Amino acid sequence: MKEPRIHIFENSEALAHFFGSLLMQSCALKKPDEFVSIALSGGSTPRAVFEYLSEHFSESIDWSRIKVFWGDERCVPPDDPESNYLMALKSLLEKVAIPPDQVFRIQGEANPSAEAARYESLVIQQLSVEGQTPEFDLMMLGLGDDGHTASIFPNAIHLFDSTKLFGTALHPVSGQARITATGKLINNAKAIVFIVTGHAKADIVTQIIQHLPGSEHLPASLVLPCKEEVLWLLDQAAASTINTKLQST
Ligand code: 6PG
């Protein structure tokens, strides 16, 4: 198993800048007629990254070459404050020149299992090559303090072994219905980037990165990409308890 690459940043701005550079690099590696496909995450950490990108990368990234998808969505309408789509729209997508037909939102207002199937077909149609499992260029993931990622919570860790690409889940506390990418799709991404900030996440980050006892029951520890190693972008607070020898920078 490839060891994760861990980058630790002084603050969330430096982390966001690095993420923007990753996106730029992904575009630079593509042929002129190719797109970069990115699956966005929800949550407050990604929001801060999106806001930074809209301020500092609106011109330096050719947004017309990016196709935006989501790794998960809350089952709410697109104008609901809980919507991951609405969060990304307000913090980034309406502020950069990305063609609307390159933004593929999960329809949170639809029936969850029907929408999981519809969105799976859409992702296959957009990204699948010769019938292979679709491959995102960049899968952005957050990390919950219970070890969930995307919307794969510990109570539905079986979603990592699903033969489907998208499934449905229920938030273990609020009961909110979710649609989420499964392990099959997540681990097939070309690059998987965890973005985690804040002291509250330090313990769970350490548990997962250092494979501490019990971490095998945490969904985020099952993110084991087939292509490249996982990239962890952490601020100093979230990285405050990991073994310093593990740090890449
Ligand atoms: C969601 C996310 C979820 C999130 C983590 C971290 O829809 O909420 O996909 O996986 O990334 O819960 O969220 P915070 O960054 O807000 O802690």
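Table for the structure above
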quantity	calculated
Residue that is nearest to Asp72 (Cα to Cα) [pool: residues in the stretch 160-175 that are out of contact with any strand residue (DSSP E or B) (no Cβ under 6 Å at 6 or more places or on another chain) and within 12 Å of the ligand (Cβ to nearest atom)]	His171
Close pairs from the stretch 114-137: first farther than 16 Å from Gly183 by Cβ, partner open to solvent by 30 Å² or more (accessible area, probe 1.4 Å) and polar (S, T, N, Q), Cβ under 6 Å, at least 6 apart	Glu115/Gln107
Segments classed as helices (runs of 4 or more DSSP H), wholly inside the stretch 1-108, with at least 1 members that are within 26 Å of Thr168 (Cβ to Cβ)	44-56, 84-91
Pairs, first outside any helix (DSSP H, G or I) and buried (at least 21 other Cβ atoms within 10 Å of the Cβ) in the stretch 206-233, second of a type in the set (Phe, Trp, Tyr) and at pLDDT 95 or above, C-beta under 6 Å, six or more apart	Trp232/Phe194
Failed item, numbered, when Tyr119 is tested on (1) farther than 29 Å from Ile204 by Cα; (2) among the hydroxyl-bearing types (Ser, Thr, Tyr); (3) away from the ligand (no atom under 16 Å from the Cβ)	(3)
Test: residue in the stretch 64-75 that is near the ligand (Cβ under 10 Å from one of its atoms), of a type in the set (Gly, Ala, Ser) and under 19 Å from Pro112 (Cα atoms)	yes
Pick from the stretch 19-47, criterion of a type in the set (Ser, Thr, Tyr) and open to solvent by 30 Å² or more (accessible area, probe 1.4 Å), ranking: modelled with the highest pLDDT	Ser21
Matching entry among Ile152, Ile106 (being within 16 Å of the ligand (Cβ to nearest atom) and touching a Leu at 6+ places or on another chain (Cβ under 7 Å))	Ile152
Leading residue by the ranking (surrounded by the fewest Cβ atoms within 10 Å (Cβ to Cβ)) among those in the stretch 138-166 that are within 23 Å of Lys227 (Cβ to Cβ) and free of Cβ contacts under 8 Å to residues at least 24 places away in the same chain	Thr163
Members of the stretch 48-74 found to be closer than 23 Å to Val123 by Cα and open to solvent by 30 Å² or more (accessible area, probe 1.4 Å), listed by number	Asp62, Ser64, Arg65, Lys67, Arg74
Selected residue (criterion: farthest from the chain's Cα centre (by Cα)) from residues of the stretch 178-205 that are surrounded by fewer than 19 Cβ atoms within 10 Å (Cβ to Cβ) and closer than 22 Å to Glu82 by Cβ	Ala200
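The values are calculated or read from the model by the stated rules, or taken from the named source; none is laboratory data. As the structure is a computational prediction, the values presented were derived from the model and not from experiment. When we count neighbours, we look across all protein chains shown, and the Cβ atoms used for this are built from the backbone with ideal geometry, even at glycine. Remember, those area values only see protein heavy atoms, side chains included, never the ligands or the DNA or RNA. Shrake-Rupley method; radii C 1.70, N 1.55, O 1.52, S 1.80 Å.
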